Ligand SMILES: N[C@@H](CCC(=O)N[C@@H](CS)C(=O)NCC(=O)O)C(=O)O
């Protein structure tokens with residue numbers, strides 16, 4: 001299994017997921033600063049020319065929510081999802097879609113300072129998005145209650161960016177949630193890899209499509 005990756009990008013979500021699952025994978029480095037994502041070879045993997053993307057045998061999947069969902073179905077024994085017969089499946093799918101369709105656009109809107117129409121815009125606004133996540137966290141430490149899932153990887157890694165970008169004040173239920181998530185071993189392993197590769201690639205910023213990882 002091959003993860004198309006570049007450090008300090010949304011590919012971190014997939015890296016975190018793979019480290020939580022502890023399944024074998026290879027990193028395929030796509031230098032988005034050098035425009036390698038626009039080369040035809042990578043466009044065949046993701047027509048949007050964006051990271052992350054995954055290749056698993058004949059399967060190609062991009063869009064971080066879809067990619068993480070693919071992995072939960074592929075490796076159900078890692079228990080980072082909810083199977084179609086699990087009563088949590090509905091809520092699981094809801095939160096898997098939530099980051100890309102509500103949290104991220106609401107953050108982007110807040111970043112631009114634009115005043116949106118909260119009724120017709122699918123994400124409402126950032127305050128509504130925050131309330132929705134806070135409400136879910138009343139039931140337990142994670143979005144599905146006691147069970148940590150891929151949906152938490154998507155939401156927590158994105159909220160972390162919201163705190164760093166000062167879009168949300170770093171306090172309260174959401175901040176505690178992110179702190180819990182990033183304290184997990186899987187996150188620590190992924191963060192160490194991301195940091196190592198960022199350092200290594202900063203030394204050679206004009207590398208090409210494929211850069212072997214450091215061993
Ligand atoms: N909706 C996509 C967004 C992915 C995305 O925007 N990735 C950025 C890096 S954080 C990227 O690859 N940008 C390269 C480009 O747009 O050319 C997802 O969730 O996977």
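Listing for the model above:
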{"quantity": "Region 16-110: relative contact order in percent, alpha carbon pairs under 8 Å with at least 6 residues between", "calculated": "14"}
{"quantity": "Over region 89-184, relative contact order from alpha-carbon pairs under 8 Å, at least 6 apart, %", "calculated": "27"}
{"quantity": "Anisotropy class of region 89-184 from Cα gyration tensor, a/c 1.5 cut", "calculated": "oblate"}
{"quantity": "Alpha carbon centroid spacing (whole Å) that separates region 31-69 from region 74-144", "calculated": "23"}
{"quantity": "Ordering of 14-21, 120-127, 59-66 by burial proxy (mean other Cβ atoms within 10 Å per residue, highest first)", "calculated": "14-21, 59-66, 120-127"}
{"quantity": "With Cα atoms, 0 to 90° folded angle of helix 172-182 axis to the chain main axis", "calculated": "30"}
{"quantity": "Nearest 10 degrees, 0 to 90: helix 150-164 Cα axis against the chain principal axis", "calculated": "90"}
{"quantity": "Angle in degrees between helix 126-136 and the longest Cα principal axis of the chain, rounded to the nearest 10", "calculated": "80"}
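Read-outs throughout are calculated quantities, based only on the coordinates presented, and are distinct from any laboratory measurement. Quick caveat: nothing in here was measured; it's all calculated off a predicted structure. So basically every Cβ, Gly included, is an ideal-geometry build from the backbone, and we count neighbours across all protein chains shown.
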